[in-house]
1. Which pairs do you get when a residue that is in contact (Cβ under 8 Å) with a residue 40 or more places away in the chain and under 15 Å from A273 (Cα atoms), found in segment 350-370, comes within reach of a residue that is open to solvent by 20 Å² or more (accessible area, probe 1.4 Å) and hydroxyl-bearing (S, T, Y), reach meaning Cβ atoms under 8 angstrom, with the pair 6+ apart or on two chains?
2. Run M587 past the list (1) open to solvent by 30 Å² or more (accessible area, probe 1.4 Å); (2) not in a helix (DSSP H, G or I) and report the number of the one that doesn't hold.
3. Are there strands (runs of 3 or more DSSP E) fully within segment 92-186 with at least 2 residues that are crowded, with 19+ Cβ neighbours inside 10 Å and over 19 Å from the mean Cα position of the chain (by Cα)? List them.
4. Among the residues of segment 646-660, write down those that are open to solvent by less than 40 Å² (accessible area, probe 1.4 Å) and polar (S, T, N, Q).
5. Pick from segment 356-379 the residues that are open to solvent by 10 Å² or more (accessible area, probe 1.4 Å) and over 21 Å from S441 (Cα atoms): which of them is modelled with the lowest pLDDT?
6. Working only within segment 419-454, note down all residues that are of a type outside the set (A, V, I, L, M, F, W, C), part of a helix (DSSP H, G or I) and open to solvent by less than 10 Å² (accessible area, probe 1.4 Å).
7. Show the residue pairs that are 6+ apart or on different chains and have beta-carbon atoms under 7 Å apart, the first residue being within segment 625-654 and modelled with pLDDT under 95, the second being open to solvent by less than 10 Å² (accessible area, probe 1.4 Å) and basic (K, R).
8. Please enumerate the residues belonging to segment 559-578 that are surrounded by 11 or more Cβ atoms within 10 Å (Cβ to Cβ) and under 29 Å from C373 (Cα atoms).
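The values are calculated or read from the model by the stated rules, or taken from the named source; none is laboratory data. Since the structure is predicted, the reported quantities are computational estimates derived from the model, not experimental observations. Ideal geometry is used to build each Cβ from the backbone, glycine not excepted, and the neighbour counts take in all protein chains shown. Areas reflect the complete protein model, heavy atoms only, side chains present, ligands, DNA and RNA absent. Shrake-Rupley method; radii C 1.70, N 1.55, O 1.52, S 1.80 Å.
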Amino acid sequence: MITKINNKNWMRCFMVGVSLLLSFSPLLLTSCVDNDDDVPMSRYSAEKMTAAEFLSDNQERVSSFISILQRSGYYAMLSTYGNYTVFAPNNEAIDKYMANNNYKSIEDIPEAVCDTLSRTHIIKTKAWFTTEISEGSLGMNMAETFITLSINTDAENNNAVVHFANKVARMVEYDDSVSNGVVHIVNNIIPRTSDKLPDVIAADSTATIFTQALFLTGMADSLMAYIDNNYPEWGADKASQDSAYTWNLSLKCKAEGADPIQWVQKRYFKFTAFVEPDSVYKKHGINNIDELIAHAKKVYDAVYPTDAGKYDNDFRNRKNPLNRFISYHLIDRILPYDEVIMRKDCLKHWDQDLCDPEEFYETMSPGTIMRFCYPNEKLYINRKGLKGNAEIEGIRVLKPSESGLSIQDCPNGIYHYIDDILEYSTEVRDEVLNCRIRFDSTVLSPDFFNSDRPLYDENHLRGYRLDYIKNWKVMGEKAVIGLHGEGPWWQHYKSNGITVSGIFDLTIKLPPVPSGTYEIRTGYTANAERGVVQFYLNNVPCGIPADLRIMGNDPSIGWVADVTAETAEARNANKAIDKAMHNRGYMKGMDCYWQGAAKENALRNLVNNLRYVLTTQYLDENETYYLRCRQVLKDPTCYWSFDYLELCPKSVYGSPEGEDTH
């Protein structure tokens, strides 16, 4: 198993690499599955077998797939040290595939098709067992499309649980642990399409009205991008930030027990659409595109009264009501069902008795955001409430198993069915979004989602080219932007965050919020290796520089541990501590998320987990705002551990009962 190391040592390893120009050297990679001591026991225990050996030992069931792997060269790969999830179609599945495609034998299948078939059925980054996830994405396969797990029951077999890969490939045998991963045997080829997202939606016969609107508004054109062909190729050493600055962390990190930074090799554009089937529209008396146009006009004329009637016949205009309606269904990043809020394996760190897990995203309709929450293991959009007690019910996103057999993902995106009409109404703007809006730092650019995501390995830091992070402008000597993985020892909200290192000068475009007065804050972890950062809003300084090296119990901050007694006196004492900290420009971390497995390690209870109040200002939903963050120390080894951003309206921070601690 990978040796876990603490945050401080690991980041010291990272920063030493930033400060030195090191020559490239090969790395000895460590697998998460080098034995079977920590993986689920299964129907077949293969402690000494590789995935290739397991397949060979089951020739009578998977000999055809072995032949495909051998022709494409991937059989040899499955014999090597690694960390694979293999979906092995049985011989009956291959026979059916060949019959459907007029191949008389395996030899008739072109080598290029064998290559695609092999890559479609292998996930290279992690061994995924069915015990680790219920429904949702298992990550990208080697063909760079997502494998989605859905669950159903077998009515003819005592309602036994049945697992499917991409809805149609039933796992007839699963969780066969091998020395380099896990093998699942499936009864169908996993479907794959090379179509782009608009064409995948258009092929869905249950979503014809949405499809017409998508193409009429021209928003289909905005969903066609996939690979950034202007993204520079990496140097031969695979670790060059640019021609003048080449470095990696091989020597130091290997000594510390961590792996080096991993640079994003390709830049992708991907999208998510939330789609109403025709049946949802018909429940509201909408039976064709003309009736949807009328509905959109009614909603958006009320939200934007000064634009009413001006753009009704110009469907491609971004202020046209139907254009706004469709655009609000679209987000410029890929969001598999179980990753909209966070990865499901991090939900165990969230106290759902205090508040629902949630996240906010900017949509492709200018000036708008969506609020997502996850009460009772169901995903909702624009819901307001706690668990089953909703003030505003919102729109439910259907699980993969509830969404029929249509292929819903493709190389450049995914779409989800929703159970009601989604719109940016006055109710959404004025009530649902009248809350503390907390953006995880990874949400502030789609490039943190679309390129080589998700980051499963806890000991890796992913590095990004500075000129290829949407909504971020990065300058400065030896500046480096990195996304760290989801290791449970990280004292961060949602167990990940962005590291901004070097003598950086970073400007981030803020997501839009409804007009109003907001207190703007950033969440971070303090540490002696951090820096001192001057923040600006639209180039106006936000007070004095923030010293991110100072721990919370320093007198200048005033962090004091909560009184834990369940009494009115204790609650009043804690409120007094919070007020004194806030007067100094600081707040404790939230109490709804904790580090590791111990609930006592809620971020609120950690002296180095803090919120820094940047400024209080009126924000206009029609304006664009930029947060500039400048490292003022002349030390390239210092960094900012950027956790999240909060935009808290006056109705919340200034309410008579006070803001909650969640």
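1. M364/S222
2. It is condition (1) that M587 fails.
3. Working: elements: 136-140, 146-154, 160-165, 169-178, 181-186.
Here the list reads 160-165, 169-178, 181-186.
4. Within segment 646-660, just S655 meets the criteria.
5. Looking at residues that are open to solvent by 10 Å² or more (accessible area, probe 1.4 Å) and over 21 Å from S441 (Cα atoms), I get N376.
6. Residues satisfying the conditions are S441, D447, N450.
7. Filtered contacts from segment 625-654: C638/R530; Y639/R530; W640/R530; S641/R530.
8. Within segment 559-578, D562, R571, N574, K575, D578 meet the criteria.
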